[in-house]
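The values are calculated or read from the model by the stated rules, or taken from the named source; none is laboratory data. Here the structure is a predicted model, which is why all the values come from computation and not from measurement. No Cβ is skipped: glycine too gets one built from the backbone with ideal geometry, and neighbour counts run over all protein chains shown.
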Amino acid sequence: MTTEQALSFGAAAAGYAAVRPTYPAEAVDWLLDGLTGGFGERRLRAADVGAGAGALTARLVERGLEVVAVDPDPKMLAQLHADVPGVPTFAGTAEQLPLPDAAVDLVVLGQAWHWVDPAPASAEVGRVLAPGGRLGLLWNRRDESEPWVAALGDLLAPAPHMAARSQDPRIGAPLVDAERRTTARWTHDLSPEDVVGLAASRSYVLTAAPQERQRVLGSVRDLLATHPDTAGLDRIPVPYTTTCWRARRP
């Protein structure tokens, strides 16, 4: 990830938080399954890395975990403070975590591992995980079996690195026993203008020249207004599946 990309999301932090979907309970529960009983009576400690505005952070807090959030963008961390108050935040990346050795039981990255260098990130995650701890990765991916969603994908810059990394995250030493699961399909209901905002929250659009940004977002508006599956709708169900990976620190 370039510095420009790393800091691009903060320029639209409030809008990002408003339109990006959270993570389904099925996915989060699978990441935690079997972990909760392994650390005695104390609360599980987790680090949400690449936490952004805190969508995954909030899911972990809801489940009673003691969570810290790490992100390279101070504007995103400020939005996280507003949306998930009380969670300690730190500037950092997966390759350089601002945490001591064996500090947490769980490290999670939602919609973020495709931005990292997997070998040093795996080593750094292994450093901050306690023995028996776990790495969890999640990707929400639009279900392009829906024709209008496929057309939307055609309008946006492709993200082959995200698709490839969600299929093969290249989790490395010292982490072992990597396993994958994909959730059932689910939907995130948005207004047409929020779907435009969803497109606007992509790093490609955020870092594009103003003329290119306007062109892309205008094309998205035209698609929603004219496609037979979306034209005239006040609320549009955007379909997703979530790909999850987990791996263990011995």
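Before moving on, here are some points about what is shown:
- In this structure, Ala157 does not satisfy being closer than 22 Å to Tyr204 by Cβ, at pLDDT below 95, among the hydrophobic types (A, V, I, L, M, F, W, C) and not in a loop (DSSP other than H, G, I, E, B).
Results for (1) more than 20 Å from the chain's Cα centre (by Cα); (2) loosely packed, with under 14 Cβ neighbours inside 10 Å, shown as yes or no for each residue.
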residue: Leu155; (1), (2): yes, no
residue: Asp168; (1), (2): no, yes
residue: His188; (1), (2): no, no
residue: Leu223; (1), (2): yes, no
residue: Pro228; (1), (2): yes, yes
residue: Ala231; (1), (2): yes, yes
residue: Thr241; (1), (2): no, no
residue: Ala247; (1), (2): no, no
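- Close contacts from the range 25-51, counting a first residue that is under 14 Å from Glu62 (Cβ atoms) and at pLDDT 95 or above and a second that is part of a strand (DSSP E or B) and among the hydroxyl-bearing types (Ser, Thr, Tyr), with Cβ to Cβ under 6 Å and a gap of 6+ residues or different chains, come to Ala27/Thr242.
- Checked against the criterion of being buried (at least 16 other Cβ atoms within 10 Å of the Cβ), among the aromatic types (Phe, Trp, Tyr) and at pLDDT 95 or above, the range 110-125 has at least one qualifying residue.
- Residue in the range 15-37 that is β-branched (Val, Ile, Thr), assigned to a loop (DSSP other than H, G, I, E, B) and over 25 Å from Ala178 (Cα atoms) present: no
- Just one of the listed residues (Glu95, Glu66, Glu62) is among the charged types (D, E, K, R) and free of Cβ contacts under 8 Å to residues at least 12 places away in the same chain, namely Glu62.
- Some residue of the range 122-137 being under 30 Å from Arg221 (Cα atoms), among the charged types (D, E, K, R) and assigned to a strand (DSSP E or B): no
- Search result, residues across the range 98-121 that are over 23 Å from Glu62 (Cβ atoms), in contact (Cβ under 8 Å) with a residue 60 or more places away in the chain and assigned to a loop (DSSP other than H, G, I, E, B): Val116
- The range 33-89, subset of a type in the set (Val, Ile, Thr) and within 15 Å of the chain's Cα centre (by Cα), residue farthest from Leu129 (Cα to Cα): Thr57
- With respect to the conditions (1) in a helix (DSSP H, G or I); (2) over 21 Å from Ala247 (Cβ atoms); (3) among the aliphatic types (A, V, I, L, M), Val87 lacks only one, and its number is (1).
- Scope the range 1-16; condition at pLDDT 60 or above and either closer than 17 Å to Val61 by Cα or not aliphatic (A, V, I, L, M) (or both); matching residues: Gly15, Tyr16
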